[in-house]
Amino acid sequence: MNEILFFGSNKYPKLIKNEPETIIKKPIQFKFENENENENENENENENEKQIKQISSGRFSTIFLFKNGKAIQYLQENNSKQNPSKIEIEENIQKVTVCNQSEAILTKEGNVFAKGRYINSKNPNEFINISSLIEDKNDRIIQDIVSGRSSVYLLTSNQNAYGFGSNYYGQLSFYSKKLKKTKKPILMMKNVSKIFSGNSSKYIFLLKSNQELFVCGDNSSNQVGLRKSRRKETKIQKLTKIQNIPKGKIIDIQCGYTHSIMLIENEDENQNPKRKLYSCGNYQYNGLGQYGNTYEFTEIKSFLFENDDIILDFSVGYNHTLILTSKGKLISFGENLFGQLGTGNTKNQSIPIQIELPKLRFNENISNYHIYYFIIERKEKQYKFPKLILITRSELYRGMFLSVTEDKSNKVTDYSELSNKSFQIFEYWIYSNQIKDEIEITQEIIDEIKIGIDYFQLNQTNPNLFDLLIKKFNNQNQNQNQNQNQIQNQNQNQNQIQNQNQNQNQNQNQNQNQNQNQNQNQNQNQIQIQNQIQNQIQIETKEKRRNKCLIF
């Protein structure tokens, strides 16, 4: 049994069937039952495996993904004979994403299946294996999927970003009148750590591991953070770097139709995380959380964001935004035509406002978790993992901490299976989702991390730490081999240079000897010429004397 908090449109599809109203203006809590569930098929599964893992909703459909790797889909009633319908994918489903004209599914094996009008116009309701269409066969293991309005983006295990679907605004990293759509994934950029978009957006952000941020696609409302100066810049036709990014680490960016919201994290003087929201785009639909158009990412300021209250998560819709804080507050702003702000009316809201919630079980547990740590003690040294980070990084940790009401103190565990180096890797990865470049990975470290992953219950996190370690280990070995080859090549080049120098010296010596011989020959020739001249002079002198004698 799953309990869901619901507000907004209840028409396409009608999720709360017993509710006569088509617009739910205030949050209501109801029990969700999987009507498509086969009791005989799932009798061996425990209740936890039947819990909802993810909900992805678009304009015409909503997909529920359960922890057992199965999913069901609700379609707009006019388009569906059966609601809900089971998604028939043989592989274990890890993530689902719904956009305006298509749906995509990521499986545990790293495959992506997609369907929709832009993917298979002849049979738009049939899932096809999109990842198998990637040209590079060694780059077909998909790590994450993100949807745009009519496009889907893939992040591979090699940290390469691909896109397919609509390309009308150049959102696939280039603009072409001949290629308005494609079902074949197109390589957009290499060395990408995260992809950001939204199922209402016609543009995309790509974040590299060095925190450089690139964007392409629609910019008609200045929603990408690049102030437009000419009309042609309303379409960013190739990936362009954004220069003016707020200081700090980019946690998330979510994109609406005419606005974008960015979450930035910094640390205070006590190294506690501090998070702020920034927005840019068109103010017409009140989606910015502040007054007036913003052409660059500008901080959303509100008394609702207290110093000791941390933004855990946020979600951006067509022209509205919802925010969840560590104290259990749910905050909203933006367009409210269908009651999607949960304020009890359908008036647009320009600045953040807190939603009145029914009593929820997690309210009490979630409060103050940003000041508590999950501490591991190792040989008189403590490694501190803020529970806030663990809650936002891992669904498993979220369930572990939020389900135990008594756990409101620092938990210290003496765990001796890991070395200090392995703990440093875990500590940095939990904070940054990355592995430090300067850390050298050995087989012993890999074996330890494998044990630690089971201990920390991080098997299902995305990206998986073990996969990142294996990749870094292989790259490290490749670099070592390349370095050895470079050294060998350098030695060969040095030997060749030495041989060339020796040959040049020998040639120079030979040339010097030849020059000396030539000089000697020249000297001898000059002496012979001089002797000849002297002899000639003597002969002429004798002739003259003889002639004088004859005259007398």
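The values are calculated or read from the model by the stated rules, or taken from the named source; none is laboratory data. Since we're looking at a predicted model, the values are computed, not measured. For neighbour counting, all protein chains shown are included, and Cβ atoms are generated from backbone atoms with ideal geometry for every residue, glycine included. We work out accessible area using only protein heavy atoms, side chains counted, and drop any ligands, DNA or RNA first. Shrake-Rupley method; radii C 1.70, N 1.55, O 1.52, S 1.80 Å.
How would M262, M189 line up by accessible area, probe 1.4 Å, largest first?
Largest accessible area first, the residues go M189, M262.
Compute, for segment 147-282, the length of the dipole vector about the Cα centre, with Cβ point charges of +1 (Lys, Arg) and -1 (Asp, Glu) only. Units Debye, rounded to 20.
Rounded to the nearest 20 debye, it is 940 debye.
Which order do the peptides 510-522, 337-349 come out in when sorted by mean C-beta neighbours inside 10 angstrom, highest first?
Listed from highest to lowest mean packing, they are 337-349, 510-522.
Using a 1.4 angstrom probe and counting only protein chains, how large is the accessible area of K67 in Å², to 10?
Estimated to the nearest 10 Å², K67 gives 90 Å².
Keeping all protein chains in the complex and leaving out DNA, RNA and ligands, what accessible area do you get for S157 with a 1.4 Å probe, in Å² to the nearest 10?
That residue has around 40 Å² of solvent-accessible surface.
Across segment 150-213, how many lysine pairs separated by 8 or more positions, or lying on different chains, have Cα atoms within less than 27 Å?
Lysine pair count for segment 150-213: 22.
Could you provide, to the nearest whole Å², the per residue accessible area of segment 166-302 with probe 1.4 Å?
Solvent-accessible surface per residue comes out at 46 Å².
For a Förster distance of 56 Å, can you work out the FRET efficiency between the beta-carbons of L133 and Q520, rounded to the nearest 0.05?
0.10
Over segment 297-361, what relative contact order in percent results from Cα pairs under 8 Å that are six or more residues apart?
24
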